[in-house]
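Beneath this line is the structure, given in structure tokens, with notes to follow.
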């Protein structure tokens with residue numbers, strides 16, 4: 001596992017752990033509202049978790065693309081990334097079909113986070129070779145176009161779709177494109193934390209200003225939400241860099257989780273089935289806080305052991 005950047009693995013580890021916990025808590029009624037997704041307009045900490053994961057993808061997208069171009073050429077590189085994103089969409093579709101099958105999702109057509117990431121990855125592939133400044137302008141243009149279409153045509157469809165559905169994937173692609181720009185700024189910066197922090201603050205400020213006319217809403221995947229969550233994601237990564245580079249604190253626990261996040265994400269659904277499927281409300285939906293803490297701790301512990309075992313492999317799993 002050479003040439004891995006530990007801070008990225010640690011950040012990715014934080015993102016996947018939070019995603020597992022958010023999915024576990026989704027149906028638990030005893031959990032306070034600030035640990036749930038905002039019903040529409042508004043922002044909670046849970047609304048930031050999917051953006052954390054998309055930002056993590058953006059941190060490595062450009063470098064991986066350029067390295068593969070140098071090694072395999074343009075045609076094979078485009079084919080590799082296209083297959084990767086299509087595979088992610090396929091895995092997401094299987095997971096969504098399983099949710100419908102077990103009754104966790106009443107909609108016959110379910111759209112999950114992996115499908116959103118897969119479509120965003122394909123759209124970003126179209127511009128990943130463009131210089132960072134132009135890529136930033138394209139990303140902002142994508143968000144502007146999405147917001148206009150959302151206001152005029154897409155709002156009802158987006159609100160009735162998980163993660164905004166196929167239309168919402170346009171906004172997620174804007175976030176991924178802008179994440180790759182922040183990654184490029186970071187790589188060229190003399191002080192890495194500052195190189196991540198300043199464009200993240202700019203994105204956060206733009207989102208807050210835009211929220212005056214386009215409310216922050218994860219359900220709508222509004223442009224203001226994308227920019228605010230992009231800024232928050234970057235600031236979290238800047239904090240990870242600061243702790244890792246300056247304080248020399250590099251928790252192996254987080255790194256284990258960050259090496260094989262997709263496998264752990266798939267595995268966590270198998271563990272959630274043990275909690276969600278039994279027909280007893282006291283066991284999950286109306287579980288007491290001590291039971292919720294115990295169940296979450298067991299899930300994290302089992303996946304942590306799996307993460308440690310997977311991290312010992314010579315090569316991490318990748319699509």
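Quick check on the chain: helices-only [θ] at 222 nm, where DSSP H runs of length 4 and up contribute -39,500 (n - 2.57) each and the sum goes over total residues. Nearest 500, please.
Details: 12 runs with 221 residues, N = 319.
Theoretical 222 nm ellipticity from helices: -23500 deg cm²/dmol.
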Per-residue Cβ contact counts at 10 Å, fewest first, order 44, 180, 30 as 30, 44, 180
In whole angstrom, largest first, the equivalent ellipsoid semi-axes that the Cα gyration tensor gives for the stretch 146-211 are 30, 13, 8
What nm distance separates the two modelled labels at residue 289 and residue 305, each placed 7 Å from Cα along Cα→Cβ?
-> 2.9
At what distance in nm do the modelled label points of residue 40 and residue 80 sit from each other, each positioned 7 Å from its Cα along Cα→Cβ?
-> 4.6
Between residue 205 and residue 126, what is the label-to-label distance in nm when each label sits 7 Å out along the Cα-to-Cβ direction?
-> 3.1
Taking the square root of 5λ for each eigenvalue of the C-alpha gyration tensor of the stretch 1-93, the equivalent ellipsoid has semi-axes, largest first and in whole angstrom, of 33, 16, 11
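Calculate, in nm to one decimal, what residue 188 and residue 296 gain on full extension: separation in residues at 0.36 nm each, minus their alpha carbon distance. Each step should come with its number before you reach the end.
Numbers: separation 108, 0.36 × 108 = 38.88 nm, distance 3.98 nm.
Length difference between fully extended and current span is 34.9 nm.
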Between residue 157 and residue 133, Cβ-based FRET efficiency (R0 45 Å, step 0.05) works out to 0.85
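Take the alpha-carbon positions of the chain, form their convex hull, and give its projected area averaged over all directions (one quarter of the hull surface) in nm². Mind showing how you got there, number by number?
Numbers: hull surface 65.1 nm².
Averaging across all directions leaves 16.3 nm² for the Cα convex hull.
Just need the relative contact order of the stretch 6-311 here, percent rounded to a whole number, with Cα pairs under 8 Å and 6+ apart. Write down the numbers at each step before the final one.
Working: 441 pairs, mean separation 83.4, N = 306.
Dividing the mean separation by the residue count of the stretch 6-311 yields 27 percent.
As an exercise, use a Förster radius of 41 Å and the Cβ-Cβ distance of residue 198 and residue 280 to find the FRET efficiency, rounded to the nearest 0.05.
0.20
Sort 218, 36, 187 so the one with the fewest other Cβ atoms within 10 Å of its own Cβ comes first. Please list the in-between numbers first.
Numbers: 218 26, 36 18, 187 14.
Ascending number of Cβ neighbours within 10 Å: 187, 36, 218.
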Using only Cα atoms, locate the centre of the stretch 240-254 and the centre of the stretch 287-305, then give the distance between them in Å, rounded to an integer.
-> 25
For the stretch 1-51 and the stretch 149-188, what is the separation of their Cα centres, given in Å?
-> 18
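I'm checking a number: the convex hull volume of the Cα atoms of the stretch 100-237, normalised per residue, in Å³. What is it? Show your work: numbers first, answer last.
Numbers: hull volume 15.1 nm³, N = 138.
Output value, Cα hull per residue: 109 Å³.
Every number here is computed from the coordinates shown, using simple stated rules; none is lab data. Please read these numbers as outputs of a predicted model, since none were measured by experiment. In this analysis, Cβ positions are derived from the backbone assuming ideal geometry, glycine residues included, and neighbour counts consider all displayed protein chains.
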